[in-house]
Amino acid sequence: MSEEKPTARETQVLEPGTLWAKVIERTEQALQCGALQPIPTKYEFVEQGGVRFLVRILSNLVRKDEAKKQNQEVTNSGKEFNPFLPYDQDLFVADISNTHVGLLNKFNVVDHHLLIVTRSFEEQENWLNLQDFEAMWASLAEIDGLVFYNGGQIAGASQRHKHLQLIPLPLAPEGSKIPIEPLLTSATFKGFGTIPGFPFRHAVVSLDPNWSKSPLEAAIATLERYHASLRTLGLQGDVAAPENRQSAPYNFLATREWMLIVPRSQEHFESISVNSLGFAGALLVRNAEEMKLLKDYGPLSILKNVAIPTI
């Protein structure tokens, strides 16, 4: 796998110290005009393997399901539908970089859910690149959050246009900032490693919070570790190949302190869909029946089924 090298000097687009205020301001405006349509949830904690998984029960998916149905009708008609080109101005938060913009997630389950979207169309199944990581670090410098990327439909992606996502921490309303923290703190990795208690293939890498002081330098270092993790997992492909298409589906998660990559084998466990947030310890179910299914099998067992089991 060839390594990308920066070819241009860093150009600051996002004014430092402004992103969080912009998220708050745009959220209020988007709620008032109806552009932002939050999906109400209830939540429970379900314990397995030393992790208190945060499981949200979606109470009303009518609007989102109707939007997906309309999108599918457009696709079936032979037309390409892209909610990000052009994007809804009422959901626009900020210009993150020369290559990425920040938008609110229209159907958010978690407050202040930010999408980091490429200005020009790129496939969601392309490898992440230097510009993606620069935009990620520019955002993390402003907001202490969890960034995630669903690499392909099997990994939980619902849109083809490349976009990372950021949810402010803490993820859970009580307890650990991220449900899998107890397993992370028990890991003794230096640089590259695995998380004790994860019974599926994955790679976790330590990052340095101080990197956020220079998003470009942070991006260079992160890109190197990203490629190395892909090679470790056998996901390597030629990033210089036409269209830069990934070789297999995977989930990517990152905070200021660590990065996690999990190869995927399927999108669902029975009727329960799993995206990157599942591997942070946060899952969604649509109704009481799915909640019972999740409790019967156990959330860690469900993750094992949709990933690539090691035991």
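FYI, it's all coordinate maths here, none of it is from the lab. The model shown is predicted, which means the values in this text are computed figures rather than measured ones. Cβ: placed from backbone, ideal geometry, glycine included. Neighbour counts: every protein chain shown.
By the beta-carbon count within 10 Å of each Cβ, the least crowded to most crowded order of 13, 285, fewest first, is 13, 285. Computed 3J(HN,Hα) for region 290-301, one whole-Hz value per residue from the Karplus formula 6.51 cos²θ - 1.76 cosθ + 1.60 where θ = phi - 60°, is 5, 4, 5, 4, 4, 5, 5, 8, x, x, 5, 5, glycine and proline marked x. The relative contact order of the chain comes to 22 percent, based on Cα pairs under 8 Å that sit 6 or more residues apart. 3J(HN,Hα) along region 25-35, derived from phi through the Karplus expression 6.51 cos²θ - 1.76 cosθ + 1.60 where θ = phi - 60°, amounts to 4, 5, 4, 4, 5, 5, 5, 5, 8, x, 5 Hz, with x in place of Gly and Pro. About its Cα centre, the dipole of the chain is roughly 520 debye, where the only charges are +1 on Lys and Arg Cβ and -1 on Asp and Glu Cβ. With all pairs of different C-alpha atoms in the average, the Kirkwood value for the hydrodynamic radius of the chain is 19.9 Å.
When the C-alpha to C-alpha distance is required to be over 26 Å, the pairs from 177/304; 42/213; 106/162 that qualify are 42/213.
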